[in-house]
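Please read the structure below before turning to the comments.
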Amino acid sequence: MKKENNISRIKKRKKKHKKRYLFILIPILLLVGAGGTYAAVVWNHAKEIVADSYEEDGRASGSELRDKKVNPTVDDVSILFVGVDQSKKRKANNESNELSDALILATLNKEENSVKMVSIPRDTYVYIPEVGYKTKINHAHAYGGMKATIETVEGLFDIPVDYYVKINFNAFIDVVNELDGITVDVPYEMYEQDSEDNARAIHLLPGEQKLNGEEALALARTRKQDNDIERGKRQQEIIKAMVNKAVSFNTLLNISDLMTAVGDNMSTSMSFNEIKSFVSYGSKGNLEIETLSLKGSDVWADAYYYQLDETDLSEKQEILKEHLGLTTYSSQLDTDGTDLSSTTAGNNNTNNIN
């Protein structure tokens, strides 16, 4: 969506206030914000929406890396957030299982009332169990949907993925618009395509400003002037801005519309009762959120890849394991240590995925 008269709106920088309630689950934060006499109506609506959005992840008994199925009411758990591009262009190309455009793994610690989330660059070079070789992590969803994506992320981080939430770009746009925009810092001037793949449809100038849904999506997707790591950091900041706005007083009046916007464009492996168990994270206040990024280097082989730094990856694995109470955990998956430099286009078999 272009701004009126194609002129980018820039707002004067404001002093950032400490965010008291930061939560990363869009469907859950809507429940967190529902209180008082309005709660009964909202929760009934939420129950219907979650029921419509529920989808199995292909693992009847949960992660193979758990001794038993987790109970989020008492257990520390992990949730994988997946953003997908379901534009008309993708559908026209008959891409039934889309490439994942954003991957964020979050771990939630009940006792500490804390969340750690790590953005996974879409070009990260990893082993994908579904196909038995290494390629870009965003191809996992195209090869085998959520099950293949979850298995790949579990192998990468050596921790179980207990739940997933998959949201398409329409949900992102609708939620930001229902919030009447979000205020974020745009790092540099940019021209970016919109959700319908119209080139240079979005023009943003640098500075802290209020963005609508299309503009926020453009900021979340762009990586032309930096890289996937910075892109992941922007996505984390955008999510925080959305959460901060969503739990504000004024939003309660529109919370039903917000839930509808999310529900129409979301699928999740969490039941309504499981989602309800996360309400305590937001309602306690003083929720701690730590954002993590993965170090690595740019590598060209048959295509461009982001090669993770093994030492840094090991450190992130230990951080997430400790946060989940799995410090003595040992992997049950073969993550394949093949060096990128020895891999050729012939054994990558990635020619059909762009």
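Restricting region 186-217 to residues that are without any contact (Cβ under 8 Å) to a residue 60 or more places away in the chain and under 18 Å from residue 240 (Cβ atoms), the residue that is nearest to the chain's Cα centre (by Cα) is 217. Count of region 106-137 residues, restricted to those that are of a type in the set (A, V, I, L, M, F, W, C) and in contact with a Lys or Arg (Cβ under 9 Å, 6 or more places away or on another chain), is 6. Condition first: under 18 Å from residue 82 (Cβ atoms) and part of a loop (DSSP other than H, G, I, E, B). Now tell me which residues in region 48-61 satisfy that. Matches in region 48-61: 55, 56, 57, 58, 59.
Filter region 156-211 for residues that are on the phi > 0 side of the Ramachandran plot and modelled with pLDDT under 95 and give the result.
Step one: list which residues in region 156-211 are on the phi > 0 side of the Ramachandran plot, which gives 158, 180-181, 197, 200, 207.
Correct list: 180, 181, 197, 200.
The residue pairs whose first member lies in region 271-283 and is of a type in the set (Gly, Ala, Ser), whose second member is surrounded by fewer than 18 Cβ atoms within 10 Å (Cβ to Cβ) and at pLDDT 80 or above, and whose beta carbons are closer than 6 Å, counting only pairs six or more residues apart or on different chains, are 277/73. Would you be able to say whether some residue in region 87-108 is in a loop (DSSP other than H, G, I, E, B) and at pLDDT 90 or above? There is no residue in region 87-108 that is in a loop (DSSP other than H, G, I, E, B) and at pLDDT 90 or above.
Within region 190-236, work out how many residues are hydroxyl-bearing (Ser, Thr, Tyr) and surrounded by fewer than 19 Cβ atoms within 10 Å (Cβ to Cβ).
Restricting attention to region 190-236, the residues satisfying the condition of being hydroxyl-bearing (Ser, Thr, Tyr) are 191, 195, 222.
Keeping just the survivors that are surrounded by fewer than 19 Cβ atoms within 10 Å (Cβ to Cβ) gives 191.
Here the count works out to 1.
Would you please name the residue that is modelled with the highest pLDDT, looking only at residues in region 296-314 that are among the charged types (D, E, K, R) and surrounded by 14 or more Cβ atoms within 10 Å (Cβ to Cβ)?
312
Among the numbered conditions (1) touching a Leu at 6+ places or on another chain (Cβ under 9 Å); (2) closer than 26 Å to residue 311 by Cα, the only one that residue 123 does not meet is (1). Every residue in region 139-149 that is out of contact with any Asp or Glu (no Cβ under 6 Å at 6 or more places or on another chain) and crowded, with 24+ Cβ neighbours inside 10 Å, please. Once the filter is applied, which keeps residues that are out of contact with any Asp or Glu (no Cβ under 6 Å at 6 or more places or on another chain) and crowded, with 24+ Cβ neighbours inside 10 Å, region 139-149 yields 139, 140, 141, 149.
The values are calculated or read from the model by the stated rules, or taken from the named source; none is laboratory data. Computed from a predicted structure; not experimentally measured. Reconstructed Cβ throughout: ideal geometry from the backbone, glycine too, with neighbour counts over all protein chains shown.
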